[in-house]
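Bear in mind these aren't lab numbers, they're just calculated from the coordinates by the rules spelled out. Fair warning: this is a prediction, and the values are worked out from it, not measured in the lab. All Cβ positions, even for glycine, are placed from backbone atoms using ideal geometry, and neighbour counts span all protein chains on display.
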There are 2 protein chains.
Amino acid sequence: MEYTKYFSNVADWAKSNPIRRLTALINRPGIISFAGGVPSPETFPYNEIAEIASRLVHEKGAEVLQYGLTRGNRQLIEYLVAQMQRLGIKTNTEEIMLTSGSQQGLDLLARLLAEPGDIILAELPSYIGGTYALNNVGGTLTGLPMSEDGLDLAVIRDKVLKMRDLGCQVKLIYTIPNFQNPSGITLSLEKRKSLLTLASELDLLILEDDPYGELYFDTPPPPPIKSFDTEGRVIYLGSFSKVLTPGLRTAWIVAPSEIIAKVELIKEAADLCSSMLDQAIVAECARQDLIQGRLGKLREFYQVRCQTMLSALDKFAPKGTTWTRPTGGLFVWVELASQIDTTEMLSKAVENGVAYVPGAPFYVSDAKVNTLRLAFSKETPERISVGIEKLCQML
Amino acid sequence: MEYTKYFSNVADWAKSNPIRRLTALINRPGIISFAGGVPSPETFPYNEIAEIASRLVHEKGAEVLQYGLTRGNRQLIEYLVAQMQRLGIKTNTEEIMLTSGSQQGLDLLARLLAEPGDIILAELPSYIGGTYALNNVGGTLTGLPMSEDGLDLAVIRDKVLKMRDLGCQVKLIYTIPNFQNPSGITLSLEKRKSLLTLASELDLLILEDDPYGELYFDTPPPPPIKSFDTEGRVIYLGSFSKVLTPGLRTAWIVAPSEIIAKVELIKEAADLCSSMLDQAIVAECARQDLIQGRLGKLREFYQVRCQTMLSALDKFAPKGTTWTRPTGGLFVWVELASQIDTTEMLSKAVENGVAYVPGAPFYVSDAKVNTLRLAFSKETPERISVGIEKLCQML
């Protein structure tokens, strides 16, 4: 049988993630990998989670093993109200819902906010999961250049007005303001405020994706854009994946209650509810201060690795190579001499024992093929030094 | 701010589930509830799951707390290949993927297979979660009448040909052949084969949703429609929710590999992966024979309750009332005298200490307002007798 005739447009829109296709290559045993953008399993509180999981099933099994509310674990939502307050976001339980990772939040919001053909603005480069979710509902992603302190605002007004002149629908900017995946760039305080003013002027919503904000090294990043939002124009996405564990698929959306109510309806038909055990474990970790209480160590863990990587790049990188100097998060972004195609170079790098992710797939337009993403989360400081030296020797 | 201008069509399509709106009423403390269609928490293997969860986090934490494959836990997929074989479905690991409950399977398949405006055929009555998932992608649900042995096949050909004459796209039949939610009806063996022949003739795909098949009382239901499928025309959905626990959101799809590959791409941008801990717990339960090995007891548990309910109906139901006699599953479907509106009657029933779910919302068209669904899964046999007596006294 031939199935394409049964497929909707979504089948055409849904693209295979080129990074995933490289997985077999990237994950060869023995290799020093700067590829996978995942938190270090060394940071997971195994004993505590094992104890909590067992106790929850014993004591609250009839609840945590049963169907539950689509909106999510009430105790965890209440915890998040307080946490958001700490970041300057005044909110309440009506404005928060839990999702199966921020990826689900992005998908549900994409379904609610983007119509086929809509233009969505995203950073160059940007998180592939976010742009793919928006792409999979038929959205057309348009790229916005960034500089060291984030989005180039001057370009946005011009771009939006031109596109609207051409009859395009532009409703949404997608941004990752803190230690961005993949670039490591942080949007400055001034630009956060200006972006919000601009969004208001152009009547755009802002999708603020913030999985890394708590993973700063020395000083916290500026407050979330959402904290300056008096109009209800910003939708904020937070996640426990990088500050606790990603396998317990638990994240949250903060948005005006009208938006949350609609997202809840879409989630209801999308999966009824997220894992009840995952949510309960995360709620109990929060109660036992295993999230906030472990952040100090976590920041130190990643800072050492980032500094090691930056020092090694300072020492070994050939002339004509530039890279970002992130102040938090998991990623360094490297731009090589313009004639180098990092996708072509990858197999050679792997032969030399080092893996990275080529930069091109992170661009929704105007891809720079001479870029690459380095994650400093997986390897030990020693192996990071060795890996960077090997990579640089190749260049 | 006014948000509707930012919303896509999905915001209009996504309806609020009327059963959920009744939750507060239905869940009043002290009430005898035949409303919630959920498995009994008395059947959950708490000690075993607590032990397994704790051990998995200790021994395999770096895997079960980390991001994982979108396709799902490999060990569990391999187990399912063998399980499907037992039901007569010849398949392989390329044709199976795991989802966060069957609800996610339904949603992902709806996104892949239904275009806005497409006509989708569904049983009258049908599972609300299934029809809502299809509705939320813009599908138009059209109802198919059922008799005691399931779908009325004579109607289908006629309906499809007429709709195609009118220029409508009809690609899909959605059916729950075993102990259907909400009606308790089982599709006969003969009709399963005829339905498949008809689907082939009309070039339709069949979405076979089978969460209850293992919960038969005396004899197994006929083999799945998928077991007779030589063309690759049937997409089968199975779930651990009713045979283990629903809070561990784990279910599966069996479909031709071309379809699975596309569904996997959509899931990747929908949530990256399902709960890694949930999947690993279910896989370990399967390995320890806590699924198959507990089915005998589970069947007995529900059979006693169903028989009690049917006996009480035999004894107390007034003339003019009819009901189904399910041979498995969780539900009995009742049709009252035609002048009774069960939605209007509900608050009076609750005052009298009994809750049920009104039947009308289960119909995608031609709703019978004098129907209701009784779940026999929640209450003890004693309370089932008392509850049915109370309900019948009201009528």
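Can you show me the helix-derived [θ] at 222 nm for the protein assembly as shown, built from DSSP H runs with n ≥ 4 at -39,500 (n - 2.57) apiece and divided by the number of residues, rounded to the nearest 500.
Computed mean residue ellipticity for the protein assembly as shown: -13000 deg cm²/dmol.
Which aspartates and glutamates, on any chain, are close to residue B:60 with Cα under 14 Å apart, when same-chain ones fewer than 8 places away are left out?
Candidates past the 8-residue exclusion: A:42, B:51, B:278, B:284.
List, in order, the whole-Hz ³J(HN,Hα) value for each residue of the stretch B:27-32 obtained from phi through the Karplus relation with A = 6.51, B = -1.76, C = 1.60 and θ = phi - 60°; use x for Gly and Pro.
The phi angles translate into 8, 4, x, x, 6, 7 Hz.
Please report the relative contact order for chain A, taking Cα pairs under 8 Å with a sequence separation of at least 6, and give it as a percent rounded to a whole number. Show your work: numbers first, answer last.
Working: 742 pairs, mean separation 96.2, N = 395.
Here the relative contact order equals 24 percent.
Give me a single rounded figure for A:103-109: the average over its residues of other chain Cβ atoms within 10 Å of their Cβ. The partial results should precede the final answer.
On the way: counts 8, 6, 1, 3, 8, 3, 0.
Average neighbour count from other chains, rounded to a whole number: 4.
Rounded to the nearest 5, what is the percent of antiparallel bridges among the DSSP beta bridges in the stretch B:49-292? It would help to have the intermediate numbers written out before the result.
Values: 10 of 28 bridges.
That works out to approximately 35 percent antiparallel.
Net charge within 12 Å of residue A:102 by Cβ-Cβ distance, Lys/Arg positive one each and Asp/Glu negative one each, not counting residue A:102 itself? Write out the running numbers ahead of the final one.
On the way: positive: A:242, A:249; negative: A:107, A:208, A:209, A:210, B:271.
Result for the local shell: -3.
Grab the eigenvalues of the alpha-carbon gyration tensor for chain A, scale each by 5, take roots, and send me the semi-axes largest first in whole angstrom. Spell out each step's value before the answer.
Working: eigenvalues 195, 152, 94 Å².
Gyration-tensor ellipsoid for chain A: 31, 28, 22 Å.
Can you list the residues of the stretch B:32-49 with backbone N under 18 Å from a point 7 Å past the Cα of residue B:389, pointing along Cα to Cβ?
B:32-34
Output, in nm with one decimal and in ascending order, the distances from the residue A:318 label point to the matching label points of the other copies (7 Å from Cα along Cα-to-Cβ).
Spacings between copies for this position, smallest first, are 9.1 nm.
What is the projected area of the convex hull of the Cα atoms of the stretch A:62-289, averaged over all directions, in nm²?
Working: hull surface 47.5 nm².
For the stretch A:62-289, averaging the hull's shadow over all directions gives 11.9 nm².
If you count the DSSP beta bridges with both ends in the protein assembly as shown, what percent of them are antiparallel, to the nearest 5?
Values: 40 of 80 bridges.
Antiparallel bridges make up about 50 percent of those DSSP assigns within the protein assembly as shown.
List the distances, in nm to one decimal, from the label point of residue B:168 to the label points of the same position in every other copy, shortest first, placing each label point 7 Å from Cα along the Cα-to-Cβ direction.
3.7
Which stretch or stretches of the stretch B:231-267 have amide N atoms under 20 Å from the point lying 7 Å from residue B:46's Cα along the Cα→Cβ direction?
B:241-249
Mean Kyte-Doolittle of at least 1.6 and a Cα length of 27 Å or more along the axis: which whole DSSP H helices of chain A meet both? All intermediate terms of the calculation are to be shown ahead of the outcome.
Working: long enough: A:295-316 (31 Å, -0.13).
What comes out of the filter, once short or polar helices are dropped, is none.
State which entries of A:15/A:242; B:171/B:267; B:191/B:297; A:15/B:5; A:162/A:348; B:159/B:348 exceed 32 angstrom in Cα-Cα distance in the structure shown. Show your work: numbers first, answer last.
Numbers: A:15/A:242 26 Å; B:171/B:267 22 Å; B:191/B:297 30 Å; A:15/B:5 28 Å; A:162/A:348 43 Å; B:159/B:348 39 Å.
Correct reply: A:162/A:348; B:159/B:348.
For an R0 of 51 angstrom, estimate the FRET efficiency from the Cβ-Cβ distance between residue A:15 and residue B:304 and round to the nearest 0.05. Write down the numbers at each step before the final one.
Numbers: r = 52 Å, r/R0 = 1.02.
Given R0 = 51 Å and the Cβ-Cβ separation, E is 0.50.
Take every residue in peptide B:55-67, count the Cβ atoms of other chains within 10 Å of its Cβ, and give the average of those counts. Can you show the working numbers first?
Details: counts 3, 2, 14, 5, 2, 1, 9, 7, 2, 5, 12, 10, 11.
Taking all residues of B:55-67 together, the mean is 6.
With chain B treated as a Gaussian network of Cα nodes joined by springs under 10 Å, which of B:232, B:138, B:328 yields the largest mean-square fluctuation?
Between B:232, B:138, B:328, it is B:232 that shows the largest mean-square fluctuation.
If the convex hull of the alpha-carbon atoms of the protein assembly as shown is projected onto planes in all directions, what is the mean projected area in square nanometres?
Numbers: hull surface 130.6 nm².
The number I arrive at for the protein assembly as shown is 32.6 nm².
Quick check for you: which residues of the stretch A:70-88 have the amide N under 18 Å from the point 7 Å beyond the Cα of residue A:295 toward its beta carbon?
Counting backbone N atoms under 18 Å from the label point, the list is A:76-88.
Among B:127, B:79, B:356, which one moves the most in a GNM of chain B with springs linking Cα atoms closer than 10 Å?
Top of the fluctuation ranking is B:79.
If you put a point 7 Å past Cα along the Cβ direction, how far is that point for residue B:55 from the same point in each other copy, in nm, smallest first?
Residue B:55 label point versus its equivalents elsewhere: 2.2 nm.
Using a Gaussian network model of chain A whose springs link C-alpha atoms within less than 10 Å, name the residue from A:257, A:40, A:16 with the highest mean-square fluctuation.
Looking only at A:257, A:40, A:16, the largest GNM fluctuation is found for A:16.
If you look at just the Cα atoms of the stretch B:1-152, how large are its Rg and its Dmax in Å?
Just the Cα atoms of the stretch B:1-152 yield Rg and Dmax of 20.3, 57 Å.
What's the longest piece of chain A with no exposed GluC sites (Glu not before Pro), counting a site as exposed if DSSP puts it in a loop and it has at most 13 other beta carbons within 10 Å? Display every interim value, and only then the final one.
On the way: sites that count: A:2, A:148, A:231.
The answer is A:232-395.
What average count of beta carbons from other chains do you get within 10 Å of the Cβ of residues in B:119-130?
Details: counts 0, 0, 0, 0, 0, 0, 0, 0, 0, 2, 5, 1.
Across the residues of B:119-130, the mean count of other-chain Cβ atoms within 10 Å is 1.
In whole Hz, what ³J(HN,Hα) sequence does the stretch B:359-374 give by Karplus (6.51, -1.76, 1.60; θ = phi - 60°), x for Gly and Pro?
x, 3, x, 7, 9, 7, 7, 6, 4, 9, 6, 9, 10, 8, 10, 10
Determine which aspartates and glutamates satisfy two conditions relative to residue B:319: a Cα distance under 13 Å, and not lying fewer than 8 residues away in the same chain.
By straight Cα distance, residue B:319 reaches B:335.
Hey, rough spin-label estimate for residue B:168 and residue B:287, points 7 angstrom out along Cα→Cβ, what's it come to in nanometres?
4.9
Report the trypsin sites (Lys or Arg not before Pro) located in the stretch B:1-89 that are in a DSSP loop and have at most 10 other Cβ atoms inside 10 Å of their Cβ, or state none.
Details: sites: B:5, B:15, B:20, B:21, B:55, B:60, B:71, B:74, B:86; in loops: B:15, B:71.
Answer by residue number: there is no such site.
Rank the residues B:179, B:44 as a footprinting-exposure proxy: fewest other Cβ atoms within 10 Å of their Cβ go first. Mind dumping the intermediate values first?
On the way: B:179 28, B:44 22.
Exposure proxy ranking, most exposed first: B:44, B:179.
Can you figure out the FRET efficiency of residue A:319 with residue A:38, using R₀ = 22 Å and their beta-carbon distance, to the nearest 0.05?
0.10
Taking Cα pairs under 8 Å and at least six residues apart, what relative contact order does the stretch A:220-343 come out at, in percent? Show your work: numbers first, answer last.
Values: 81 pairs, mean separation 18.7, N = 124.
Result for the stretch A:220-343 is 15 percent.
For residue A:203 paired with residue B:366, estimate the spin-label separation in nm (one decimal), with each label point 7 Å from Cα along the Cα-to-Cβ line.
That separation, rounded to one decimal, is 4.6 nm.
How big is Rg to Rh over the stretch B:149-202, alpha-carbon atoms, Rh as the Kirkwood inverse-mean-distance radius? Write out the running numbers ahead of the final one.
Details: Rg = 12.1 Å, Rh = 12.0 Å.
Over the Cα atoms of the stretch B:149-202, Rg/Rh equals 1.01.
With a Cα-only, solvent-free Debye model of the stretch B:196-267, what are the log10 I(q)/I(0) values at q = 0.14, 0.18, 0.19, 0.23 Å⁻¹?
Cα-only, vacuum Debye calculation for the stretch B:196-267: -0.53, -0.82, -0.89, -1.10.
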